[in-house]
Each structure stands twice: as structure tokens, then as C-alpha cells.
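First up is the structure itself, then whatever we jot down about it.
Here, each number is a calculation from the coordinates, and none is a lab measurement. Small disclaimer: the values here were computed from a predicted structure and weren't measured. As a convention, Cβ positions derive from the backbone with ideal geometry for all residues, glycine included, and neighbour counts pool all protein chains shown.
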Amino acid sequence: MEEQDLAITIGQNITRLRKLSGMTQLELAEKLNYSDKSVSKWEQGNGIPDVRILVQLAELFNVSVDDLVREHREKPVVPKRERRLRRIIITILSVGLVWLVAVACFVLIGVAWNVQGEWRRGAWLAFVYAVPASAIVVTVFSCVWHWKWTRVVSVSLLVWTLLACVYLTLWVCGVSKGMWLIFLVGVPLQILALIYFVWRKKARTHE
């Protein structure tokens with residue numbers, strides 16, 4: 001590959017990765033401690049960044065240096081806001097599926113018990129268990145898509161709603177005396193979760 005062709009390829013890759021990251025030329029330049037004119041020059045194929053800058057770019061975009069210097073087939077660049085909206089919709093639909101299953105369980109249990117001429121009060125627990133199940137779904141997606149604060153909230157919700165599920169299940173079964181003490185388990189779990197998130201945040205800051 002000739003030098004000019006290499007410069008154009010690198011410039012196209014920098015442009016593509018910068019847009020995927022939702023950064024402007026000025027923001028990228030500030031992260032590299034360069035001027036936005038330099039970034040513009042690279043993206044136009046009028047120059048090639050030195051090896052040190054290529055390594056910085058690779059680390060910044062979480063790709064290899066090889067990904068910066070080889071040709072890629074053009075793919076439509078999805079704006080950051082649109083990607084976020086899609087992820088939110090996927091998460092909402094997934095949580096909605098959990099509640100759909102809860103409704104189905106409630107109806108099926110009700111029909112089965114009505115056939116026997118009974119209606120047990122525990123059928124509504126299907127909706128109670130849907131809450132921690134939803135928290136698990138949100139936690140998984142927040143880990144995949146790096147939603148830090150959403151992860152903190154969903155894990156906290158998971159801890160306390162799981163304990164609530166245990167308490168209410170025992171209550172339905174007629175075991176309630178002193179069962180409120182089970183919520184004390186949530187205190188150290190919540191503290192441990194918060195310590196972990198704070199530690200992870202500081203660890204990433206120093207990486």
C-alpha cells in the first residue's frame with residue numbers, strides 16, 4: 001500500500017471510529033493533546049499520525065493498531081443518541097417480556113386452581129417475583145452497555161426485592177413471626193455492592 005493510500009485509509013478509520021464514539025474532532029484532539037487541525041488533516045488523508053499517536057488512538061477506540069491501518073468496508077455510522085435509544089427500547093421490551101410471563105403464570109395458576117374449586121391467595125406472587133427478574137434483566141444490559149448508575153440502581157433493587165420475595169412467600173405460607181429480620185441481610189449486601197462499584201470506578205479512573 002502506497003503512503004498516500006495508507007494515509008487515506010487511516011483517515012477514514014479515524015473518522016469512522018470517532019463518529020462511532022460520539023466525539024467531535026476537537027474532543028478527540030483534546031484527548032490526544034493535539035490540535036483539531038491535526039485531527040482534520042489526518043482524517044482528510046493529508047498526513048499519517050506517528051506510531052505513538054496510532055497506539056493512543058487504538059487504546060482510545062478500544063481497537064488494535066491493525067484496525068486503524070487496514071481497509072474496512074463502509075458501514076452505516078449509527079449516531080450515539082440513536083444507539084442509546086435502541087438499547088433503551090431493547091431493555092424495555094425485555095423487561096416487558098418478563099412481565100408478560102408473570103401475567104401468563106398468574107392466569108394459568110388461577111385457571112388451574114379454579115378448576116378444583118379453589119383460589120389461593122399466593123397467585124399474585126408471580127408479579128412480585130417479576131420485579132427482581134426485571135432487575136436481573138436491567139443489570140445484565142447495564143453491564144453489557146456500561147450503564148454505570150443504572151447498574152447500581154438495578155443491583156440495589158435486585159437485593160431488596162429478592163428479600164421481599166422470600167418474606168412474602170413465607171408470609172403466604174403462614175410463616176411470618178420474626179421474618180422481618182430477613183431484611184437485615186440486605187444491609188451488608190447493599191454496602192458490599194456500593195463498595196464494589198466505588199472500587200471499580202476508582203480502578204478504571206487509574207487505568
Check: What value, in deg cm²/dmol to 500, does the helix sum -39500 (n - 2.57) over DSSP H runs of n ≥ 4 give at 222 nm once divided by the residues of the chain?
Finding: -24500 deg cm²/dmol
Notebook entry, point to check: So how tilted is helix 186-205 from the main axis of the chain? Cα-based, degrees 0 to 90, rounded to 10.
Noted result: 0 degrees
Checklist line | Residue (of 186, 152, 135) at the positive-pole extreme of the chain, dipole from beta-carbon charges | finding: 186
Margin query: Here are a few candidate values for mean projected area of the Cα convex hull in nm²: (i) 16.2; (ii) 12.1; (iii) 10.2. Which one was actually calculated from the structure I just gave you?
Written below: (i)
Next item on the list: Pop out the ³J(HN,Hα) list for the range 3-12 in order, Karplus 6.51 cos²θ - 1.76 cosθ + 1.60 with θ = phi - 60°, rounded to Hz; leave Gly and Pro as x.
Entry: 4, 5, 5, 5, 4, 5, 4, 4, x, 5
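Cα gyration tensor of the range 3-69, axes a ≥ b ≥ c as square roots of the eigenvalues: rounded (a/c below 1.5), prolate (a/b > b/c) or oblate?
Rounded, since a/c falls under 1.5.
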Check: If we sort 48-56, 156-164 on the protection proxy, mean other Cβ atoms within 10 Å, highest first, what's the order?
Finding: 156-164, 48-56
Next item on the list: Hey, for a label at residue 34 modelled as a point 7 Å past Cα toward Cβ, could you say which residues of the range 54-69 have their backbone N under 14 Å away?
Entry: 54-61, 68-69
Check: Are there GluC sites (Glu not before Pro) in the range 1-61 that DSSP marks as loop and that have at most 12 other Cβ atoms within 10 Å, and which are they?
Finding: 2
Item checked: Among 91, 172, 102 the positive-end extreme of the charge dipole of the chain (Cβ point charges) -> 172
Next item on the list: Report, in debye and to the nearest 20, how large the dipole of the chain comes out about its Cα centre when Lys and Arg carry +1 and Asp and Glu carry -1 on their Cβ.
Entry: 860 debye
Next item on the list: Note the angle between two axes, namely the Cα long axis of helix 51-61 and the longest principal axis of the Cα atoms of the chain, as a number of degrees from 0 to 90, rounded to the nearest 10.
Entry: 20 degrees
Next item on the list: Whole Å is fine, so just give me how far the alpha carbon centre of the range 1-66 lies from that of the range 151-181.
Entry: 52 Å
Next item on the list: Evaluate the relative contact order of the range 3-69 (contact order divided by residue number), counting alpha-carbon pairs under 8 angstrom at least 6 apart; express in whole percent.
Entry: 42 percent
Margin query: With the cut-off at 1.5 for a/c, could you classify the range 119-188 from its C-alpha gyration tensor as rounded, prolate or oblate?
Written below: oblate
Check: Number of Lys-Lys pairs in the chain under 24 Å by Cα, sequence gap 8 or more or different chains?
Finding: 18
